[in-house]
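The values are calculated or read from the model by the stated rules, or taken from the named source; none is laboratory data. Being a predicted model, the structure only gives us computed values, none of them experimental. Don't worry about glycine lacking a Cβ; one is built from the backbone with ideal geometry, like all the others, and counts go over all protein chains shown. Heads up: the accessible areas ignore ligands, DNA and RNA and are worked out on the full protein's heavy atoms, side chains in. Shrake-Rupley method; radii C 1.70, N 1.55, O 1.52, S 1.80 Å.
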Amino acid sequence: LQLQSCALLLTAGGPRMVAHSTAAASGSLRALTVSACNNASCASSVVSALDLDDVIATRIELGADGLAAIAYVGAGGLPKLFHCRNRDCTAGRVSALAGASRSGLEVALAMGSDGLPLVVHRADTASTQVQATHCGNRSCQ
């Protein structure tokens with residue numbers, strides 16, 4: 001396996017989840033994958049492939065609903081958000097961010113004061129301008 005990008009979700013009890021893009025073999029697509037920790041050392045985890053898009057960058061945060069949200073850049077630089085539907089993130093909903101331009105290689109994620117995702121990404125690979133999407137609901141649909 002080849003790891004491209006990795007983001008860690010920490011809680012008071014220790015590591016809870018790792019979001020990463022992993023390629024099964026050299027030259028293959030890097031799928032968005034999560035490893036939900038079963039214990040404080042994360043030595044045991046539930047691993048789920050969430051999106052088979054060619055994932056470049058990942059960021060993860062805990063939403064107000066207690067479930068993880070993962071912002072990432074997919075194929076062609078398109079920013080997306082995956083909202084987990086359960087604690088282990090074995091199911092959820094993927095959304096391409098409406099109105100977002102293709103962003104290149106960078107993405108950031110925070111939860112707004114309303115508990116909804118705020119995704120920031122570069123507007124394009126040639127500029128320093130950023131574009132922000134404040135989601136109107138948890139899954140950014």
The one condition in (1) closer than 30 Å to Gln129 by Cβ; (2) at pLDDT 85 or above; (3) open to solvent by less than 30 Å² (accessible area, probe 1.4 Å) that Met17 fails to fulfil: (1)
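Mind counting the residues in the range 1-14 that are at pLDDT below 85 and surrounded by fewer than 17 Cβ atoms within 10 Å (Cβ to Cβ)?
First pass over the range 1-14, keeping only residues at pLDDT below 85: 1-6, 11-14.
In the following step, the residues that additionally are surrounded by fewer than 17 Cβ atoms within 10 Å (Cβ to Cβ) were identified as 1-4, 6, 11-14.
Qualifying residue count for the region: 9.
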Condition met for Asn137 (in a loop (DSSP other than H, G, I, E, B), open to solvent by less than 90 Å² (accessible area, probe 1.4 Å) and modelled with pLDDT of 90 or more): no
Conditions (1) surrounded by fewer than 14 Cβ atoms within 10 Å (Cβ to Cβ); (2) modelled with pLDDT of 80 or more; (3) of a type in the set (A, V, I, L, M); (4) assigned to a loop (DSSP other than H, G, I, E, B); number of the one not met by Ala25: (2)
Condition check for Ser48: open to solvent by 40 Å² or more (accessible area, probe 1.4 Å) and farther than 28 Å from Ser113 by Cβ: no
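Residues are listed down the side, and each one gets a yes or a no for (1) closer than 27 Å to Gln131 by Cα; (2) of a type in the set (Gly, Ala, Ser); (3) modelled with pLDDT of 85 or more:
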position	(1), (2), (3)
Leu50	yes, no, yes
Thr58	yes, no, yes
Asp65	yes, no, yes
Ala71	yes, yes, yes
Lys80	yes, no, yes
Thr90	no, no, yes
Tally, over the range 92-117, of residues that are open to solvent by less than 60 Å² (accessible area, probe 1.4 Å), hydrophobic (A, V, I, L, M, F, W, C), in contact with a Leu (Cβ under 8 Å, 6 or more places away or on another chain) and at pLDDT 90 or above: 3
